[in-house]
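Below is a structure I'd like to ask you about.
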Amino acid sequence: MRIGIAGAGFAGAVMARELADAGHDIDVFDARHHVAGNCHTERDDDTGVMVHVYGPHIFHTGHDHVWEYVLRFGQFMPYEHRVKATAGGGVYGLPVNLLTINQFFGSTMRPNEAAAFVDARSLELENQPVTFEDQALAFVGPDLYEAFFKGYTRKQWGLDPTELPASILKRLPLRFNYDDRYFDHPHVGIPADGYTPIVQWILDHPRINIHLGQHVTAADLVEFDHRFWTGPIDEYFDASHGRLGYRTLDFEVERHDGDYQGCPVMNFCDEDVPYTRVTEFKHFTPWETHSRTLTYREYSRPCGPGDIPYYPIRLVAEKTQLRQYVDLARQETGTTFLGRLGTYRYLDMDVTIHESLIGAQRFLAAVAARQPPSAFFIDPFA
C-alpha cells in the first residue's frame with residue numbers, strides 16, 4: 001500500500017517505520033523544516049548547549065518495550081529530573097515531599113507525622129473532587145495549595161482552579177519521604193545526542209520518503225491508499241465545528257556565563273510573577289561541560305491561529321466540540337487519527353510511541369483481514 005502520514009513527530013515516525021518494515025511505501029509530510037515535532041533538539045551555536053527548542057522533554061516510561069524500542073535508535077544517558085519551586089520568597093523541592101513540607105512549615109516531622117499533619121489540614125469533601133481546587137484542598141490542604149498550586153495553575157491555564165477538572169492534579173504525586181525525583185518510572189533518560197537524531201534514525205528506511213517544510217491538508221492526501229493524521233483533528237476538517245482550545249507557550253531566551261540557577265527547571269508559583277518557569281538546558285546533560293548557559297523563561301497563553309498548540313484544554317465546551325469531530329472522523333474512510341493532536345489528548349512521549357506501536361499492529365491486522373482500519377486505535381475519550 002501507499003500510505004501518507006501527516007506529521008514527523010514520534011507518532012508519525014513510529015507508525016511510518018513499523019509499516020515500512022512490513023513492506024508498505026510511506027510518505028511523511030511535516031510543515032516544519034525538521035523532524036521530531038515538539039521534541040526537536042539542536043545545539044546552540046553560542047553556548048554549545050543542547051536545547052529542547054519547544055521546551056523541556058524528559059523521557060520516562062514504565063513500558064519496557066517502549067524503552068527497548070527507543071534504544072534501537074539512539075543512546076540514552078541516565079538522568080534523574082529534579083524540579084525546584086520559588087514560592088513566597090523561598091525555594092523548595094517539587095513534587096511536594098517530606099523536605100518540602102518540613103521546609104515550608106519550619107518543622108522536622110518524620111514520615112508518619114507529616115502524613116498525619118497534612119491529613120489533618122486537608123479538607124474533607126462530601127463527594128469526590130470535581131475541580132482542581134477540590135482535589136488540591138483534599139490532597140494537600142489550603143496552605144500548600146495556596147503556595148505551590150493556585151497561582152501557578154492560573155498562569156499555566158489562564159483559568160481559576162475552580163474551573164479546571166480534578167484530573168489535572170491527579171498526575172502529581174505527594175510523598176512523605178525525601179524522594180525529590182520528579183519521575184519514579186523505572187526508565188528515565190535523556191538522549192546523548194538529542195531527540196531529533198533518534199527520530200531521524202526511526203525514519204531512516206528505504207521505503208520512507210520525507211517531505212519537510214510542506215504543509216498538507218486532507219485533500220492533499222487523497223491519492224494514498226491510507227492516511228494517518230497526527231495534526232490537529234479540527235484542522236483536518238477545516239475547523240467546521242470551530243477551533244479546539246489549546247494553550248501555547250512563549251519563550252524568552254537568555255544566555256549567561258557560568259550557572260544561572262543551579263537546576264534544570266525552576267517553577268515560579270507566585271501569581272504576581274508573569275512567567276511559569278525557567279528552564280536551564282545544560283543541566284539536562286550533566287555528562288557535558290559548558291562554561292556558558294542558556295535559559296528559557298516560559299509564558300503560557302491561549303493558542304491563536306498560527307501558534308504552536310501545546311496543551312489541549314479539554315473542558316466541557318472543548319469536549320463537546322471534540323465529540324463532533326470524532327463523529328466526523330468515524331465517517332471518514334481511509335484515514336486514521338493518531339497522537340496528541342490527532343486525538344486531542346495530553347500524551348507523554350512514551351505513551352505516544354506505545355500507542356503508535358499498538359496502532360501499527362492493529363492496522364496491519366485489519367489489512368490482513370481485508371477490513372477497513374479504524375479511525376482511532378485509541379478512544380479519544382478513554
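A short reminder: the numbers here are calculations on the coordinates, not readings from a lab. All of these numbers come straight from a predicted model, not from anything done at the bench. Neighbour counts are summed over all protein chains in view; Cβ atoms, including those assigned to glycine, are modelled from backbone coordinates with ideal geometry.
Would you mind pulling out the separation of the Cα centroids of the stretch 226-274 and the stretch 27-70, in Å?
14
I would also like to ask the following. Would you kindly work out the equivalent ellipsoid of the stretch 202-249 from its C-alpha gyration tensor and give its semi-axes, the square roots of five times the eigenvalues, largest first in whole Å?
Result for the stretch 202-249: semi-axes of 25, 16, 9 Å.
State, in angstrom, two size descriptors of the stretch 149-268 derived from its alpha carbons: Rg to one decimal place and Dmax to the nearest whole number.
Calculated on Cα positions, Rg and Dmax stand at 20.8, 57 Å.
While we're on this one: Set Lys and Arg Cβ to +1 and Asp and Glu Cβ to -1, take the dipole of the chain about its Cα centre, and tell me which of ASN127, PHE104, GLN371 lies farthest positive.
Of the listed residues, the answer is GLN371.
With +1 on the Cβ of every Lys and Arg and -1 on the Cβ of every Asp and Glu, and nothing else charged, how large is the dipole of the stretch 1-147 about its Cα centre, in debye rounded to the nearest 20?
On the way: 9 positive and 20 negative charges, 61 e Å.
Result for the stretch 1-147 is approximately 300 debye, rounded to the nearest 20.
Now for a separate question. Give the order of LYS170, LYS84 when sorted by the count of other beta carbons within 10 angstrom, beginning with the fewest.
Ordered from fewest to most neighbouring Cβ atoms within 10 Å, LYS170, LYS84 come out as LYS170, LYS84.
While we're on this one: Take the Cα gyration tensor of the stretch 83-171, multiply each eigenvalue by 5, square-root it, and list the three semi-axes largest first, rounded to whole angstrom.
Working: eigenvalues 94, 59, 17 Å².
Ellipsoid half-lengths, sorted descending, are 22, 17, 9 Å.
Let me ask another. If you take the charge dipole of the chain about its Cα centre, with +1 on Lys and Arg Cβ and -1 on Asp and Glu Cβ, which of PHE251, ALA219, THR285 is farthest toward its positive end?
Highest projection toward the positive end goes to ALA219.
Students often get this wrong, so try it: which of (i) 20.0; (ii) 33.3; (iii) 16.5 is mean projected area of the Cα convex hull in nm² as calculated from the structure shown?
(i)
Out of the DSSP beta bridges found with both residues in the chain, what percent are antiparallel (nearest 5)? Can you show the working numbers first?
On the way: 35 of 57 bridges.
If we restrict to bridges inside the chain, about 60 percent are antiparallel.
Would you order TRP229, TRP201, TRP157, TRP287 from fewest to most other beta-carbon atoms within 10 Å of each residue's own beta-carbon?
Numbers: TRP229 27, TRP201 15, TRP157 19, TRP287 9.
Ascending number of Cβ neighbours within 10 Å: TRP287, TRP201, TRP157, TRP229.
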